[in-house]
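Q: Below is the structure I would like to discuss, written out as structure tokens.
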Amino acid sequence: MLQELRIKDFAIIDELVLTLMPGFMVITGETGAGKSILVDAVNLLLGERSDTSFVRAGADRAVIEGRFLVPGHTQPALHEVLESEGLEGDSPDEVLLTREVRANGRSQSRVNGIACSLNAYREVGGLLVDIHGQGEHLSLFKPSQHLYLLDRYAHLEDDRAALREMVRELNALRAEINSLLTDEEALARRIDMLQYQIQEIETASPRPEEEEELRQERTRMANAEKIAELTTEAEFALSGDVGEASAVDLLAQAAIVLSKLAKLDPALEADYQLAETISMQADELARTIRQYRENLEFEPRRLDDIEERLEILNRLKRKYGGSIEAALDHAERARAELDQITHSEQRLAELRDAEDRLLHRIGKHAAQLSAHRQEAGVRMTDGIVRELNDLKMQGARFEVQIAHVEDPDGCYVNGQRLAFDGNGIDRIEFYMAANIGEPLRPLAKVASGGEAARIMLALKSVLSYADQVPTLIFDEIDQGIGGRIGTVVGQKLWGLSDTHQVLCVTHLAQLAGFGDAHYKVSKHVENERTVTRVEQLADQGRVDELAEMLGAETTAARQSAFDILMLARRAKEGRRIETA
């Protein structure tokens, strides 16, 4: 639930802290007082596009913050998103949304104090609050949404996701089939190119480590004279001329002397061992240097060969990915593609068989999904008709129509081939007849303004247990309905609070009477600036506000307001007794 809403420097709101509670809350106030501004603020909080006009004149930024209580076991989908996006807060049972809009046009979105992308922010917000404005309910009348509403009602989302995965696999198969059916001349050109590339790389036969080895050898060949001079100098320093004492000889002599000293003084034993080791290593180094010098060769032709080979390797690198490894990978891919093309007929037959098997699997799964939807459609129809009767639309008929379309390339269902997509074979649309004797027609073409609000409420009531969004906000859905129906609508909205936190902006006193809490929005002038204030009304305050909503502040109007509250209280108590 939404525990607290903080708004600062938003439109005509300078600063507002609204503490909310579970249950059904109503928000009332005169036209222009700022009720819709509160809804605009919540819309912005949930990730709606920002606008600099939201920033209060004279302020540098507007800030909206919402604190939500969401125990982990009640919203697994939300906590999964928070974890995957790295947006978890200090408390696992709280979520803090913050939206900031600056006067310079920039905005920032934070979840639990962590800045994030607007897409991630909207995903979190969409799992916390569902807003139905004066025209928002029309989205429920879009045929494209009817399938998703029915699946949510029947808990078929996982089945639909499994089917979508099969369709994704089929699309990949069909893409490969189409690639094999490409123009034959294009295939022939592709074969020639692949054969040339493979031959060029195979003829060169490059090795990943070859280039570095050649560069080292080229460096040695290019500096052969200097290398010979330096190795001779090193050998002379170690071994000396014939008849002269060399470094090796002197180190050996030092080792012999230290050996004698160690016999006289054992404390010098370690020094003798060190001298012996150094003498042996010097002798070994001298032999290594001598062998290296004797093996030195310089062939001018070899240097030319190295340069030529390096140029071949560089050409391969330029053409095939920038490295020898990339060129070898390219050759491997080219061989695989060439093999696929040259065996395309066999491969095409295999793909056709796989496609046919998959179309049968899709058909079987889609048929099962369709059967579940048809059963759920009957239950939904019965539930909505009952709700419509409660909402004084006796005689109204509702029907979930499920149609199929034949397609020669479709999936196999009971001897037919039917069109399908990732949602299955069903074309689902809600139909309705608002009055007795009228034919069923598409929902969007039937409902008047008042009927639309009642139909939306009926749908929401039937779907309430399937709807996991914890907070529902209704913005003046009472447009086009009268007081008598307003009482029923108020009772229905209060009923939704069994499974949701519900807020409703309303002009109808009969609806407002069912609120568990009542907030009044008013507009004042302070320090020559217009500001919006919100106060929670107690018993007498509610009577006065309902009387004003009825159009008068007379004793009779106050009595009517009191009667509305008493009627709502008795209806609530009766409902609690029934469900106890």
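The values are calculated or read from the model by the stated rules, or taken from the named source; none is laboratory data. Here the structure is a predicted model, which means the values were calculated and not measured. Every residue, glycine as well, gets a Cβ built from its backbone with ideal geometry; the counts of neighbours run over all protein chains shown. Just so you know, the surface numbers come from the protein's heavy atoms only, side chains and all, with ligands and any DNA or RNA stripped out. Shrake-Rupley method; radii C 1.70, N 1.55, O 1.52, S 1.80 Å.
Q: Ranked highest first by average number of other Cβ atoms within 10 Å, how do 38-46, 537-545 line up?
A: Final packing ranking: 38-46, 537-545.
Q: Out of residues 5 or more away from residue 131 or on other chains, whose amide H comes under 5 Å of its own, with H placed 1.01 Å from N in the peptide plane?
A: Amide H to amide H, under 5 Å and 5 or more residues apart or across chains, residue 131 pairs with 473.
Q: Can you work out the FRET efficiency for the pair residue 207 and residue 303, with r the C-beta to C-beta distance and R0 = 22 Å, to the nearest 0.05?
A: The calculated FRET efficiency here is 0.65.
Q: When only Cα pairs under 8 Å and 6 or more residues apart are kept, what is the percent relative contact order across the chain?
A: Computed over the chain, the figure is 20 percent.
Q: Could you tell me which of 181, 509, 39 has its Cα farthest along the dipole of the chain towards the positive end, charges placed at Cβ (Lys, Arg +1; Asp, Glu -1), taken about the Cα centre?
A: 509
Q: Let me ask something else about it. Would you work out if region 100-239 is rounded, prolate or oblate? Take a ≥ b ≥ c from the square roots of the eigenvalues of the alpha-carbon gyration tensor; rounded if a/c is under 1.5, else prolate when a/b is larger than b/c, oblate otherwise.
A: Since a/c reaches 1.5 but b/c is at least a/b, the shape of region 100-239 is classed as oblate.
Q: Let me ask something else about it. Taking +1 at the Cβ of each Lys and Arg and -1 at the Cβ of each Asp and Glu, which of 282, 431, 314 sits farthest along the dipole of the chain towards its positive end, judged by Cα position relative to the Cα centre?
A: 431
Q: Filter the cross-link list 8/520; 392/460; 8/492; 492/572 down to pairs whose alpha-carbon distance in this structure exceeds 22 Å.
A: From 8/520; 392/460; 8/492; 492/572, over 22 Å: 8/492.
Q: Now for a separate question. Could you give each residue of region 376-392 its phi-based ³J(HN,Hα) in whole Hz, using Karplus coefficients 6.51, -1.76, 1.60 with θ = phi - 60°, and x for Gly or Pro?
A: My calculation for region 376-392 gives 5, x, 5, 5, 5, 4, 4, x, 5, 4, 4, 5, 5, 4, 4, 8, 6 Hz in order.
Q: Amide H of residue 3 versus every other amide H placed in the peptide plane: which residues, excluding those fewer than 5 positions away on the same chain, fall under 5 Å?
A: Distant-sequence amide H within range of residue 3: 67, 68, 69.
Q: For region 497-580, what is the relative contact order in percent, using Cα pairs closer than 8 Å and at least 6 residues apart in sequence?
A: 26
Q: First check a/c for the chain, with a ≥ b ≥ c the square roots of the eigenvalues of its C-alpha gyration tensor; if it is under 1.5, answer rounded, and if not, answer prolate when a/b is larger than b/c or oblate otherwise.
A: Prolate, because a/c is 1.5 or more and a/b exceeds b/c.
Q: Can you classify region 1-125 as rounded, prolate or oblate using the Cα gyration tensor, where a ≥ b ≥ c are the square roots of its eigenvalues, rounded means a/c under 1.5, and otherwise it's prolate if a/b beats b/c and oblate if not? Mind showing how you got there, number by number?
A: Numbers: a/c = 2.36, a/b = 1.33, b/c = 1.77.
Oblate shape, in that a/c is at least 1.5 and b/c is the bigger or equal ratio.
Q: With unit charges on the beta carbon (Lys/Arg positive, Asp/Glu negative), name the residue among 87, 16, 557 whose Cα is farthest towards the positive pole of the charge dipole of the chain.
A: 557
Q: Ranked highest first by average number of other Cβ atoms within 10 Å, how do 52-60, 278-286, 262-270 line up? Intermediate results must be reported in sequence, preceding the final value.
A: Values: 52-60: 14.1, 278-286: 16.0, 262-270: 11.7.
Descending mean neighbour count gives 278-286, 52-60, 262-270.
Q: While we're on this one: Let me cross-check residue 411: its accessible surface, 1.4 Å probe, with only protein heavy atoms counted, in Å² to the nearest 10?
A: Result for residue 411: roughly 0 Å² accessible.
Q: Here's another thing I want to ask about it. Please list the non-local residues whose amide H lies under 5 Å from the amide H of residue 420, H modeled 1.01 Å from N, same-chain partners needing a gap of 5 or more.
A: Excluding prolines and chain starts, which carry no amide H, the hits are 411.
Q: I need to check one value: relative contact order of region 294-425, counting alpha carbon pairs closer than 8 Å and at least 6 residues apart, in percent. Numbers along the way, then the final one.
A: Details: 82 pairs, mean separation 21.2, N = 132.
Across region 294-425, relative contact order equals 16 percent.
Q: Students often check this: by mean Cβ neighbours within 10 Å, which of 206-215, 147-156, 424-433 ranks highest, and how do the rest follow? Don't skip to the answer; put the middle values down first.
A: Working: 206-215: 13.2, 147-156: 18.7, 424-433: 22.1.
Peptide ranking by packing, descending: 424-433, 147-156, 206-215.
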